[in-house]
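Everything below concerns the one structure shown next.
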Amino acid sequence: MTKSIDACAIVGACTAAFFLTPPSYSASIPHIKTYTATHYAIAETSTLAVAVSVAWGVLLLAIIFVLTRFLSSAIALALTSRFFARWL
């Protein structure tokens, strides 16, 4: 039963990361670029600014995946235990 819960959690996390990362990235990248330019004196057109933008996208993807995997696992466990509690 735990393998099916894990599989369900991974599918849910991948789906959520696929749909939530682009809007989250679009909403947060101007703030990240401003923060980087202000505190590290990096021009927005430099190669380092592009690297920071890519790194932020990867980090944001990882954060969303891990959080939604945890939530998906908890939801799948709750649903599965509630469903199978009828037969126990």
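The values are calculated or read from the model by the stated rules, or taken from the named source; none is laboratory data. Please read these numbers as outputs of a predicted model, since none were measured by experiment. Glycine gets a Cβ as well: all are built from the backbone with ideal geometry, and neighbour counts include every protein chain shown. For accessibility, only protein heavy atoms count, side chains too; no ligands or nucleic acids. Shrake-Rupley method; radii C 1.70, N 1.55, O 1.52, S 1.80 Å.
Here Ile64 passes the criteria (1) out of contact with any Phe, Trp or Tyr (no Cβ under 8 Å at 6 or more places or on another chain); (2) modelled with pLDDT under 90 except the one numbered (2). The C-beta contact set for segment 9-38 (first residue in contact (Cβ under 8 Å) with a residue 60 or more places away in the chain, second residue crowded, with 16+ Cβ neighbours inside 10 Å, distance under 6 angstrom, 6+ apart or interchain) comprises Ala9/Arg69; Ala9/Ser72; Ala9/Ser73; Ala9/Ala76; Gly12/Ser72. In segment 70-77 there is at least one residue that is farther than 22 Å from Phe19 by Cα, touching a residue at least 40 places away in the same chain (Cβ under 8 Å) and open to solvent by 80 Å² or more (accessible area, probe 1.4 Å). For Ala51, are the conditions met, namely being within 30 Å of Lys3 (Cα to Cα) and at pLDDT 90 or above? No, not satisfied.
Listed here are the residues, each with its yes/no results for (1) under 12 Å from the mean Cα position of the chain (by Cα); (2) polar (S, T, N, Q); (3) open to solvent by less than 70 Å² (accessible area, probe 1.4 Å).
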| residue | (1), (2), (3) |
| --- | --- |
| Ala16 | yes, no, yes |
| Ser26 | no, yes, no |
| Ile32 | no, no, yes |
| Tyr40 | no, no, no |
| Glu44 | no, no, no |
| Thr47 | no, yes, no |
| Val54 | no, no, no |
| Gly57 | yes, no, yes |
| Phe84 | no, no, no |
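Of all residues in segment 33-45, none are assigned to a helix (DSSP H, G or I) and touching a Phe, Trp or Tyr at 6+ places or on another chain (Cβ under 6 Å).
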